[in-house]
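Engineer: One structure follows; several queries about it will come next.
What follows draws every value from the coordinates through simple rules; no lab data is involved. Please read all numbers here as calculations on a predicted model, not as lab measurements. Here the Cβ is made from the backbone with ideal geometry for all residues, glycine too, and neighbour counts use every protein chain on show.
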Amino acid sequence: MKNLKHYFSTPVISLGFLSALCASAFIYLHHFGLHLPWFQAFLGIGALWFWLTLPPRAMFWSGFFTATLWFHWIGLSFRYYDLSWMIPFVVLGIALCYGFIFRLIAALGHIVPRAAAFGLVEYLHPFGFDWFRPALMFTGSILGDHLWQLWIVLATLALFIPMKHKARYAVPALFLFAIHHPSSTTHRHQLEQRIQLVQTNIDQAKKWDPRYRRPIVELNLQAIRNAIAEKKGAVILPESAFPLFLNHDIELMQTLMELSHDITIVTGALYAQKGKSYNSTYLFQYGDLRIMHKVVLVPFGEAVPLPKWLGHWINDLFFEGASDYTTAEKPSDFEMLGHTWRNAICYEATCDRLFEGNPKYMVAISNNAWFIPSIEPTLQRLLLQLQADRHGTTIFHATNGPITGIVEPD
C-alpha cells in the first residue's frame with residue numbers, strides 16, 4: 001500500500017501529464033488547423049525524451065494520460081447501444097492498459113532497451129487495436145514518420161542523454177538523417193478531376209432509424225446523379241452510405257446498376273448471406289456488380305477480440321446478442337478508371353495488412369459519425385497520411401462526417 005501511494009504524488013502525476021501533453025499536442029494542433037512542423041518535431045522529441053528518462057511511476061501516468069488524450073473518443077460509440085454509462089469505464093480501461101504497457105517498458109531500466117521498446121511498440125496491438133504509433137508524432141513535421149526515421153530519433157536520444165563528454169553536443173546532428181524530404185511527384189494527375197468524393201453528415205442516431213432510410217437513400221442517389229451531371233468518371237460514397245443490407249433490396253440494386261452505365265459507383269452498405277453479416281463495399285460498374293468485404297474489424301465495435309465463449313457472452317450481455325461481422329480472407333483489389341485500387345473500409349484503412357504490396361491507389365470509406373464530436377477524424381487522417389507516406393499510396397477517402405479528401409504520399 002505504501003508503494004501504491006507513491007504513484008499518487010503530485011510530482012509523479014505532473015511529470016506523467018506533461019510528457020503526455022508533449023506526445024499528444026500534435027493531434028490537437030492539426031485538429032484546430034494549426035500546422036507547425038518545427039514545433040511539432042520539438043514536441044515529439046520532447047515526448048520521447050520523457051519516455052526514455054522518466055522514473056517508472058511517472059511512466060505509468062505518462063501512458064495513462066497519453067492514451068486518454070489519444071483515445072478517449074472510443075467510448076463515444078457506446079451512446080448508440082444505450083450504454084452511455086459505460087463510456088467512463090471504457091476510457092479508464094484504455095488508459096490503464098497503456099499505463100501498464102508504459103510501466104512495463106520502464107521496468108527495462110536502461111535507456112537502450114527502453115528506446116528499442118518504443119521503436120517496436122507499434123507492433124503491440126492490445127485487443128487488436130493498432131492506432132498507437134509513436135512515429136505519428138512526426139507526421140506533418142520536419143521529421144519523417146517512417147519507422148526507420150523514428151529509430152534514428154530514438155538512437156540519437158539514447159546516445160545523447162547518458163553521455164557526459166562535451167562530444168555529446170555533436171550527437172544531435174544525427175537528427176538530420178531523420179529529416180523529412182517531401183515527395184517531388186504527385187500521384188493524382190487527372191484522377192482528382194474524374195472522381196467525385198461524397199461527404200455526408202448523417203447523424204448516427206438517425207442513420208439506422210427506418211424512418212430516415214428513404215430520405216438517406218434519395219440523398220445518395222441525388223449525389224450520384226449530380227456526379228453524372230458533372231461528367232465524373234466515378235463517385236465514391238462513405239461506409240454504410242446505404243444503411244441497409246443492400247443485397248436484399250432488389251429494386252435499389254437495379255437502380256444502381258442502371259446508373260452504373262453512366263458512372264462507376266463505389267459505396268458502402270451491409271451484406272447478408274447464409275446467416276452471416278458483412279461490412280462491405282459495393283462496386284457498380286458498366287451494369288455489373290462486385291461486392292468486397294471488410295478484412296480487419298474494429299475491436300469491440302464489429303468483433304469482440306476475445307475467446308469465442310467470452311465474446312458470445314459479451315455480445316449477449318451488452319449488444320443484445322448481435323453476432324460479430326464476418327470478414328474476407330484477404331484485401332480486395334479492383335479496376336477503376338484504368339488503374340488498380342485497393343479497397344479499405346474505415347478502421348482497416350489505417351492497418352498495415354491493407355497496404356501489403358504497396359498499392360498505388362486506395363479507396364477508403366468511413367463512417368466517423370460514431371465519434372462526433374471528437375478528435376477521431378483528425379487522428380484517422382494522420383494515420384492515413386502515415387500509411388500513405390510509408391507505402392507510396394494515394395488514398396481517396398470518403399466519409400460520413402469529417403474529413404473527406406485525398407491523402408497523397410508526402
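Engineer: So how do 118-131, 276-289 stack up, highest first, on mean other-Cβ count within 10 Å?
Structural biologist: Ranking the peptides 118-131, 276-289 by packing returns 276-289, 118-131.
Engineer: Helix-only estimate, please: 222 nm mean residue ellipticity of the chain, summing -39500 (n - 2.57) across DSSP H runs of length 4 or more and dividing by its residues, to the nearest 500.
Structural biologist: One gets -13000 deg cm²/dmol as the mean residue ellipticity at 222 nm.
Engineer: Return a whole-number percent for the relative contact order of the chain, with Cα pairs under 8 Å and 6 or more residues apart as the contact set.
Structural biologist: That works out to 14 percent.
Engineer: If you average 1/r over every pair of different alpha-carbon atoms in the chain and take one over that average, what Kirkwood value in Å do you get?
Structural biologist: Working: mean 1/r = 0.0438 Å⁻¹.
So the Kirkwood estimate lands at 22.8 Å.
Engineer: To continue, here is another question. How large is the translational diffusion coefficient of the range 116-228 in µm² per second when you combine the Kirkwood radius over alpha carbon pairs with Stokes-Einstein at 20 °C and 1.002 mPa s? Before the final figure, lay out the partial values.
Structural biologist: On the way: Rh = 19.1 Å.
So the translational diffusion coefficient is about 112 µm²/s.
Engineer: Right, another one. Angle, helix 111-120 long axis vs. longest principal axis of the chain, Cα atoms, 0 to 90°, nearest 10?
Structural biologist: On a 0 to 90 degree scale, this one is about 0.
Engineer: May I pose another question? Starting at the first residue of the range 263-272, write each ³J(HN,Hα) from the Karplus equation 6.51 cos²θ - 1.76 cosθ + 1.60 with θ = phi - 60°, in whole Hz, x for Gly and Pro.
Structural biologist: Each residue's phi maps through the Karplus curve to give 7, 6, 10, 10, 8, x, 6, 7, 9, 10 Hz.
Engineer: Write down the Kirkwood hydrodynamic radius of the range 200-288, to one decimal in angstroms, obtained as one divided by the mean of 1/r over all alpha carbon pairs.
Structural biologist: On the way: mean 1/r = 0.0751 Å⁻¹.
Over the range 200-288, the inverse of the mean reciprocal pair distance is 13.3 Å.
Engineer: Do you know the relative contact order of the range 343-388, to the nearest whole percent, from alpha carbon pairs under 8 angstrom that are 6+ apart?
Structural biologist: Computed value for the range 343-388: 47 percent relative contact order.
Engineer: If you don't mind, another one. Tell me the angle of helix 250-259 to the major Cα principal axis of the chain, expressed in degrees between 0 and 90 and rounded to the nearest ten.
Structural biologist: For 250-259 against the chain, the angle is about 90 degrees.
Engineer: Using only Cα atoms and rounding to the nearest 10 degrees, what angle (0 to 90) does helix 37-53 make with the longest principal axis of the chain?
Structural biologist: 60
Engineer: Rounded to the nearest 0.05, what FRET efficiency do Leu176 and Phe100 give with R0 = 35 Å and r taken as the Cβ-Cβ distance? Could you check?
Structural biologist: With a Förster radius of 35 Å, E is 0.45.
Engineer: Separate question: Could you tell me the distance between the Cα centroids of the range 146-164 and the range 233-285, to the nearest Å?
Structural biologist: 49
Engineer: Of Tyr123, Cys346, Ile105, which is farthest on the positive side of the dipole of the chain, counting Cα position, with +1 on Lys and Arg Cβ, -1 on Asp and Glu Cβ, and the Cα centre as origin?
Structural biologist: Ile105
Engineer: In nm, what is the difference between 0.36 nm times the number of residues separating Phe89 and Trp208 and their Cα-Cα distance?
Structural biologist: Full-extension gain reported as 40.3 nm.
Engineer: If we sort 41-50, 349-358, 213-222 on the protection proxy, mean other Cβ atoms within 10 Å, highest first, what's the order?
Structural biologist: Per-residue Cβ counts within 10 Å, averaged per peptide and sorted highest first, yield 41-50, 349-358, 213-222.
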